[in-house]
Amino acid sequence: AGMTQLPHPIVQQPRPIPTGNDSEMKIVWQMAQTLPATLQWGEDETFSLGTRQTEEYGELHEHTHVITGLEPDTGYHYRVIAQEDTLGGVFRTGLPATASSLKFMVYGDTRTYPDVHDLVAGAMVETYNQDEEFRTMALLLGDIIGHGDMQDYWQCEFFDPARTNIRKLHADLPSIACLGNHEESGLLFSRYFPYPFVANRYWSFDNGPAHFCVVDQYVDDLDWDTQMAWLQADLAATNRPWKFIVLHEPGWSAGPNANNLRVQTDIQPLCQTHDVAMVLGGHNHYYARTVVNRIQHITTAGGGAPLYSPDQSYPFIVASRPAYHFCKVEIDGPLLTFTAQ
């Protein structure tokens with residue numbers, strides 16, 4: 001018999017997770033077993049700003065550390081060293097409230113075909129390699145993997161070291177993920193994307209001139225009502241000129257999954273009252289854009305799941321296309337440019 005192939009010490013590569021604070025960044029990763037690890041960071045590859053020995057927590061050999069005292073809108077190199085593994089990336093901290101421009105990328109439904117997800121991720125990496133201003137964050141609109149309660153699916157569909165573009169994208173760009181139906185109970189989702197949730201799996205944050213509300217659509221009626229009361233107060237309280245709602249199931253799309261009635265009846269009125277620019281959703285595997293009372297509703301679910309054919313006869317459809325894709329959002333003062341590609 002041949003030698004037993006031991007797993008690499010780091011099974012889920014380190015990734016930046018935003019805390020909602022533009023002077024810090026949380027780094028998370030997972031090891032194959034109980035091992036010490038060292039996190040280092042700096043403004044260049046000397047990693048001279050800090051070194052931290054980390055200990056695991058939980059039963060899954062997870063590690064985390066929040067790097068504090070960073071400058072907003074600044075690039076930082078980081079790496080984790082554990083035995084023979086050295087893995088890291090270059091993230092950029094959030095933009096300050098005074099910033100009038102912001103660029104970011106959005107995509108959804110990366111499950112099922114990791115080879116396709118890797119191609120889409122490659123195009124996203126190329127985007128921020130060509131324009132550093134896109135090295136901000138990636139919005140990931142749910143259905144990240146096929147079975148969210150099974151670690152094996154996360155490992156082969158999202159954390160596979162062979163998918164080098166997916167790995168690079170999520171090592172460099174802090175990802176803002178929302179819960180989809182394929183995340184199932186959301187227990188592993190919450191471990192791998194440990195945001196400062198308000199309750200359940202919803203929260204909000206700012207980046208430069210933009211305010212983002214991440215919605216959890218998989219709650220019972222009572223929790224939904226609580227969440228909508230929070231959403232109304234949250235939208236009323238922000239002073240950022242651009243407001244976005246991030247969720248999985250769109251209120252207006254082009255089938256075959258039905259339009260989400262909670263979005264239509266509860267979220268749409270709040271969008272109109274509080275001048276929300278866009279509601280970003282996935283779930284139906286294609287690109288579609290609808291406009292309802294001036295509110296742009298985007299379906300961007302071309303990240304790797306099997307494509308559906310959009311039905312142009314659905315209400316309010318402006319554009320649709322069955323294609324693997326991601327979207328670029330560019331805010332410049334009073335102008336927003338949105339590109340699906």
Test: residue in the range 300-311 that is more than 22 Å from the chain's Cα centre (by Cα) and surrounded by 22 or more Cβ atoms within 10 Å (Cβ to Cβ): yes
Filter result (surrounded by fewer than 20 Cβ atoms within 10 Å (Cβ to Cβ) and outside any strand (DSSP E or B)) within the range 76-94: Gln83, Glu84
Among residues of the range 177-190, those that are surrounded by fewer than 23 Cβ atoms within 10 Å (Cβ to Cβ) and among the hydrophobic types (A, V, I, L, M, F, W, C), counted: 2
Close pairs (9 angstrom Cβ cut-off, 6 or more residues apart or separate chains): open to solvent by 60 Å² or more (accessible area, probe 1.4 Å) in the range 266-280, of a type in the set (Lys, Arg) anywhere: Gln272/Arg294; Asp275/Lys243; Asp275/Arg294
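Part of a loop (DSSP other than H, G, I, E, B), in contact with a Ser or Thr (Cβ under 9 Å, 6 or more places away or on another chain) and open to solvent by less than 30 Å² (accessible area, probe 1.4 Å): does that describe His325?
Criteria met by His325.
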Where Asp143 falls short, out of the listed (1) surrounded by fewer than 20 Cβ atoms within 10 Å (Cβ to Cβ); (2) of a type outside the set (Phe, Trp, Tyr); (3) closer than 19 Å to Gly304 by Cα: (1)
Output for the range 26-60, where each listed residue is among the charged types (D, E, K, R) and either closer than 21 Å to Leu173 by Cβ or touching a Lys or Arg at 6+ places or on another chain (Cβ under 8 Å) (or both): Lys26, Glu43, Asp44, Glu45
Single unsatisfied condition, Trp242 versus (1) free of Cβ contacts under 8 Å to residues at least 60 places away in the same chain; (2) open to solvent by 30 Å² or more (accessible area, probe 1.4 Å): (1)
Any hit, the range 110-125, residues being assigned to a loop (DSSP other than H, G, I, E, B) and buried (at least 23 other Cβ atoms within 10 Å of the Cβ): yes
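The values are calculated or read from the model by the stated rules, or taken from the named source; none is laboratory data. Predicted model, so just to flag it, every value in this text is computed and none were measured. Cβ sites come from the backbone with ideal geometry, for glycine too, and all protein chains shown count toward neighbours. Surface accessibility is based on the protein's heavy atoms, side chains included, excluding ligands, DNA and RNA. Shrake-Rupley method; radii C 1.70, N 1.55, O 1.52, S 1.80 Å.
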